[in-house]
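Read the figures in this text as sums done on the coordinates, not as results from a lab. It should be emphasised that the depicted structure is a prediction, and the values quoted were computed from it without experimental measurement. All Cβ positions, even for glycine, are placed from backbone atoms using ideal geometry, and neighbour counts span all protein chains on display.
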């Protein structure tokens with residue numbers, strides 16, 4: 001009996017989801033040997049395994065549009081930090097996941113050195129498992145969680161992130177942290193794993209983290225020494241300012257009123273397989289509609305709710321509307337978790353919660369003009385217009401089979417525009 005009690009104690013300590021101090025050995029024991037890695041694209045088979053209710057083969061359904069424009073390339077070409085972190089934490093919590101057991105570091109890299117950060121694991125099935133988890137950043141459940149944080153105006157508040165980490169770890173629910181450089185999807189995002197909170201007094205705090213761009217098993221300042229020298233933290237001030245030094249030395253920062261996001265997400269949300277955002281089962285306040293801006297030459301300048309007068313961006317169109325009372329709190333730009341690298345892939349995606357009429361102001365940077373799509377649960381409306389310059393579209397009936405697009409006062413009146421609507425056809429689930 002005594003030996004069994006000792007074994008249980010050792011096992012409990014080994015699988016602790018948080019550390020009792022800024023312990024580099026927690027990182028050693030609970031994270032991967034290899035660094036963050038990239039892949040040019042993934043196939044429909046991985047897409048199908050990532051989400052609930054996806055057809056066995058590509059079809060003309062709306063799922064194919066999301067796969068081709070966002071999932072296939074954009075999610076994976078610049079990094080897998082979300083999937084790397086999420087799989088490690090689910091393995092830690094449950095002892096294993098998708099056929100792989102804790103601890104993660106036992107699985108070899110394709111290269112002998114973890115410094116070869118674009119290579120990844122030698123086991124191709126493990127690579128697939130990481131990619132399945134990486135796709136969870138666009139599940140309906142995950143996006144609704146982020147939109148709830150945005151509705152509370154807490155997405156850039158370091159104090160709120162710290163409190164959420166304390167709250168979820170008290171429930172034995174390991175977390176990841178999503179950080180962004182700013183609100184622009186082009187600047188990308190990064191995901192790190194918090195494992196210890198430190199109150200420095202006077203309102204100053206730190207969250208110590210594992211960074212998948214810095215493997216513990218890599219020698220030097222970008223690996224082993226980074227953790228042993230206690231440099232692996234998100235710094236948080238009494239006023240809620242946060243900062244984190246990326247692997248390339250750039251400092252990402254934010255505060256409750258400006259800068260980048262810093263959001264703590266528990267694995268009870270991020271780790272669950274769920275539906276795609278355009279689910280037919282989501283209605284009313286739970287409905288998520290998608291705005292696709294195709295190519296690299298068109299910029300979103302403003303989103304507005306004409307019935308309430310709320311707008312998403314400031315007058316310059318570069319940051320959020322500074323007054324929370326005047327800001328749309330139901331918009332989530334999809335910022336791919338790129339490992340901190342800029343997102344150079346084509347196409348942008350914005351999620352809007354709810355079905356109110358919305359006005360979209362665009363600026364086309366070339367004579368090719370703009371190409372935009374708006375996807376609701378029942379229909380997909382697409383607008384193309386050649387020519388350089390701005391235009392303002394009003395979209396109504398986004399939740400119906402017959403959405404309508406008109407042009408509001410202030411938009412260009414001499415543009416040639418082509419509007420098409422495609423009604424969603426039910427696809428038999430596997």
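Label zone of residue 123 (point 7 Å out along Cα→Cβ, amide N under 12 Å): in segment 25-41 this covers 33. To the nearest 10 degrees, how steep is helix 124-134 against the longest Cα principal axis of the chain, on a 0 to 90 scale? The angle comes out at about 60 degrees. Sorting 258, 243 from the fewest to the most surrounding beta carbons within 10 angstrom yields 258, 243. Our note on the geometry: Cα centres of segment 149-169 and segment 92-123, 30 Å apart.
Per-residue ellipticity at 222 nm for the chain, helices alone: DSSP H runs ≥ 4 residues times -39500 (n - 2.57), over residue total, nearest 500 deg cm²/dmol? Don't skip to the answer; put the middle values down first.
On the way: 10 runs with 91 residues, N = 430.
My calculation for the chain gives -6000 deg cm²/dmol from helical runs alone.
Taking other C-beta atoms within 10 angstrom as a stand-in for reagent exposure, 416, 68, 363 fall in the order 416, 68, 363, fewest first.
For segment 301-379, a/c is less than 1.5, where a ≥ b ≥ c are the root eigenvalues of the C-alpha gyration tensor. That puts it in the rounded class.
Label-to-label distance for residue 326 and residue 40 is 4.8 nm, based on points extended 7 Å past Cα in the beta-carbon direction. Would you mind checking segment 342-382 for residues with the amide N under 18 Å from a putative spin-label position 7 Å along Cα→C-beta of residue 308? Within reach of a label on residue 308: 351-361. Note on residue 250/residue 106: beta-carbon distance plugged into 1/(1 + (r/R0)^6) with R0 of 30 Å gives a FRET efficiency of 0.40. Against the chain, whose longest principal axis comes from its Cα atoms, helix 140-151 is set at around 80 degrees.
Between residue 272 and residue 148, 0.36 nm times their residue separation minus their Cα-Cα distance comes to what? Please report the intermediate quantities before stating the final value.
On the way: separation 124, 0.36 × 124 = 44.64 nm, distance 1.75 nm.
42.9 nm is the gain from fully extending residue 272 to residue 148.
For residue 113 and residue 346, the FRET efficiency from 1/(1 + (r/R0)^6), where r spans their Cβ atoms and R0 equals 45 Å, is about 0.85.
Is the shape of segment 140-270 rounded, prolate or oblate, going by the alpha carbon gyration tensor and its root eigenvalues a ≥ b ≥ c, with a/c under 1.5 for rounded and a/b larger than b/c for prolate? It would help to have the intermediate numbers written out before the result.
Details: a/c = 1.37, a/b = 1.33, b/c = 1.03.
Judged from the Cα gyration tensor, segment 140-270 comes out rounded (a/c under 1.5).
Once both axes come from the Cα atoms, what is the angle between helix 81-94 and the longest principal axis of the chain, in degrees from 0 to 90, rounded to 10? With rounding to tens, the tilt is 50 degrees.
Here the label points at residue 296 and residue 401, each 7 Å from Cα along the C-beta direction, are separated by 4.1 nm in the simple model.
Residue-normalised convex hull volume from the C-alpha trace of segment 284-423: 121 Å³ per residue. Inter-label distance, residue 98 to residue 170: 3.2 nm, where each label sits 7 Å from its Cα along the C-beta direction.
Within 10 Å of each residue's Cβ, count the other Cβ atoms and sort 93, 272 from fewest upward. All intermediate terms of the calculation are to be shown ahead of the outcome.
On the way: 93 19, 272 13.
Ranking 93, 272 by Cβ neighbours within 10 Å, fewest first, gives 272, 93.
For segment 196-279, rounded, prolate or oblate, judged on the Cα gyration tensor with a ≥ b ≥ c (square roots of eigenvalues), a/c < 1.5 rounded, else prolate if a/b > b/c?
Working: a/c = 1.87, a/b = 1.20, b/c = 1.56.
Here segment 196-279 falls in the oblate category.
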